[in-house]
1. Please compute the modelled spin-label separation between residue 284 and residue 207, points set 7 Å along Cα→Cβ, answer in nm with one decimal.
2. Find which of 660, 396, 571 sits farthest along the positive direction of the dipole of the range 374-718, computed with +1 on the beta-carbon of Lys and Arg, -1 on that of Asp and Glu, about the Cα centre.
3. What does the highest-first list of 272-278, 101-107 look like by mean Cβ count within 10 Å?
4. If we count other beta carbons within 10 Å of each Cβ, what is the order of 335, 430, fewest first?
5. Roughly what would the spin-label model give for residue 217 and residue 505, points 7 Å off Cα along C-beta, in nm?
6. Of 241, 625, 418, which is farthest towards the positive pole of the chain's charge dipole, taken about the Cα centre with +1 and -1 on the beta-carbons of Lys, Arg and Asp, Glu respectively?
7. Please arrange 150, 303, 248 by how many other C-beta atoms lie within 10 Å of their C-beta, fewest to most.
8. Can you order the peptides 564-570, 433-439 by their average number of other Cβ atoms within 10 Å per residue, highest first?
Amino acid sequence: MTGTMPPRADASRNRSRPPVDGLRLNIGGSWFVDWGVRCHVLFAWGVLCALGVVPLRAQQWEGPFARAILERAVARRAAAFADTALADWSARAHGFVFFLGQIGEGLAEPPRLIKADQLELEVYWRAPNRSKQRIIGWRDRAELPTDINYHRDHLGIVVNNFPDRIRLGEGDEVRDVPHPVSAAGMELYEFAVIDSLAIRAPGREIRVFELRFRPRDFRAPRIVGSVFLDVETAEVVRMSFSFTRAAYLDDQLEDITVAVENSLWAGRWWLPMRQEIEIRRRATWLDFPARGIIRGRFEIDGYRFNTGLDPSLFRGAEIVTAPREARDSFPWPDSLRAAIRDVARPAQLHDFDAVRAEATAIAMGHVLTGLRQAQVAGASVSDFAHVNRVEGLFLGAGGTLRSADEARELKLRAGTATAADLLTAGASASVRLGATTWRLGVLREVRDLGDLPVVSRAVNSITAQEGGHDFGDYHLAAGAFAGIVRALGGRTVLRVEAGWTRIDSLVVAARWARGDYARANPGVDEGGWRTVRMAWQRRAPSFAAARDLSLRAELEGGAGPSDYLRGFGELRGQTAAPGGSLLLLRAAAGGAVGQLPRHRGFVLGGRGTMLGEPFRVLGGRRMLWLSGEWQVPVRVPQLRLGSFAGTGPTALVAPNVAIGWVGGRIPGFFAAPSSGPDVSIGLGAAWLHGLLRFDLGYGARSRRLGLAIDVSRDFWGIL
């Protein structure tokens, strides 16, 4: 079949639409089936007899049926593209390479975009098995300062479902790992046929087998996953896998996950259609909730067959770049920001969590991660050192012990306050069974009073020590708990926890650099409470979504010196506005019935909620708070940061308004209900790719100005 290469200007349009002349087999999850529907069937006895095998048995490792299918697939790969009707082909590949950062407790929040590269490639292949890729369009955008450089093979595609020896990162990440569908792989891996799938297309029916594979020796560099094979031709239709720990050559590699998908072109050739890879890195010695991710995503279309490609085209390196002038002048149809938002929709991205979960199940307890099983641990920088007025300088440390499959984990921590005779410690154990995690723990810790975070703990340490301003109100909590965490899909989590906690007051025990603290630490109702808490959380959908909505709701009941029932909810939403600006809405509400103890009261005012009003001047049994902000990008001079990307060509100017109300007096509480809604009007500015935030707020009731300087809220959890 011959065709015409699509014009450049149209090459990156309509990425999600499959080619007219290609059949795309998408199996499960986000993989589409263009013709037909998914149905799990057993092959008829006549078909199986014709293949010379016995009937299909689910997960029968090393059965004769799996062996027969594998032998056909290996033979087909050994004679790949031996069809004399296919002399050469060319195509276009459209792709993105994202560098992402993921932070926060449990690394559960969507990763944040740090840098995005969009690429357009010309791809060529010539019999017997020569390939060439030429990058003809390349543009990038840095959201945070970074000097990352990608390995060359992350900027292109895999032409033939990987060679018999798999290499990634130009051999720096993974080198010479045996391919399971190869002569050597037949002896190094175990195989099991799991399922069959019938796809009905106009004029024919296509059947594929799912063949799972795992190493015979998990201590060797191998891969674990599944491959879908066309029953008729034994061609690879789809393949997804992760690696064993021994395969990783870089100590910082947590894991690498790969998914390749082929399409049936011209009714006879299975050729690349879509490919994705995710490379996750974490610190080698420290268990800290921060992860770097490289995600590559390419779609391939515009095939032309048998055009007589010149053999000289394939000289030199396999992946090359066109001159900078040509790359920079490529006619992209949309802005890079719009292209990122289009491709970053959850429905467009492969679910690598599902691939990793499947690989872990296949591995049956063997290690599939580069993480060490014992590490120094901390949930934030302030877990190691911080300053406040009740502890003075706090010094702490922690550790993590985890099982080989990461399903079981033990966390320990301890610390001491230098200004008070106060020791804190904690231990928690967790066991993960599929989407459910069981937790058990004991604790003795200093807690802040409010529901809404108002400052990063690291910045609070600086302001407390050097400025005498401590934005916290503290009490001591000691007790034990047991709970369950259930993942309700990719974005929603349900937590249920029961426990007993002893609450005690703390007093100011430290001095700041120039004297005594002006604010006393408020007292609380002391005693032991039995509590049950249920929390429901729906996270943001994607790292680059134009519309973003996250929700959190908690319901807590306590019995002890006083009985109470308390509810709290928080919402954060954003949407795109004209000119590349964003509208951001935050809201929170809470209420309680019964005899609410002071340490569970609601507070508002000042930094973090209504800047310009006195800090936490409002308090009570009920609370409502709304905040709206318009984030407008403005051009600013960019300062270079050595090899980093620089401070960025834009800053954000963010006029905002906040309204708060608190009702229902709590006896002995340090803050009082409001007499009516309080309003704060402010102006914010974010610089250095949004890392630094400056806010000026005016309190309508107090008629005062307030100033706040901090890092982006996105990073408060690890500071």
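Each reported figure results from applying straightforward, stated rules to the coordinates on display, with no laboratory input. Everything numeric in this text was worked out from a predicted model, so none of it was measured. Positions of Cβ are backbone-derived with ideal geometry, glycine not excepted, and every protein chain shown enters the neighbour counts.
1. Once both label points are built, they end up 5.1 nm from each other.
2. 571
3. So the peptides 272-278, 101-107, ranked by packing, come out 272-278, 101-107.
4. Final ranking by Cβ density, sparse to dense: 335, 430.
5. Result: 6.8 nm between the two label points.
6. 625
7. 150, 248, 303
8. With the highest mean Cβ count within 10 Å placed first, the list reads 564-570, 433-439.
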